[in-house]
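I have placed the structure first, in the form of structure tokens, so that the comments after it can refer back to it.
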Amino acid sequence: MAAEAASGVPGVAALQPALADRLALATSRAHQAQTAGTSPHREAAGIRCEHTPDDGWHVEVRCILHADQRVVDVARQVRDDVRNAVSAYLAQQSTSDRVTVVVTVTRTL
């Protein structure tokens, strides 16, 4: 849900995969079979989530933007859209944890 919200912002070219994502893509079918039953809450490429009982949810979004966009405006929109998506999901789960979103622009195309 966070990845969909971030990717849907105009000006976002892609989410920046982490090294683990790149390595997973390079592995064999055995890895794919092993991860076929993973939780739907698995972190997507470009998204990292952490929960602490005291601070709530911390979501980090790493994205690649189109060069013809104003970076600060797109990053703010990504932050707002991801926060809203995660907060809406938590509300459906009857959870009122605080959500903090940090957006890092790793590259522009």
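Read-outs throughout are calculated quantities, based only on the coordinates presented, and are distinct from any laboratory measurement. Bear in mind that the values here come from a model prediction, so they are computed numbers and not experimental data.
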If contacts are Cα pairs under 8 angstrom and at least 6 residues apart, what is the relative contact order of region 65-109 in percent?
56 percent
Read phi for every residue in region 97-109 and hand back ³J(HN,Hα) as whole Hz from Karplus 6.51 cos²θ - 1.76 cosθ + 1.60, θ = phi - 60°, with x for Gly and Pro.
5, 6, 10, 10, 10, 10, 10, 10, 8, 8, 6, 10, 9
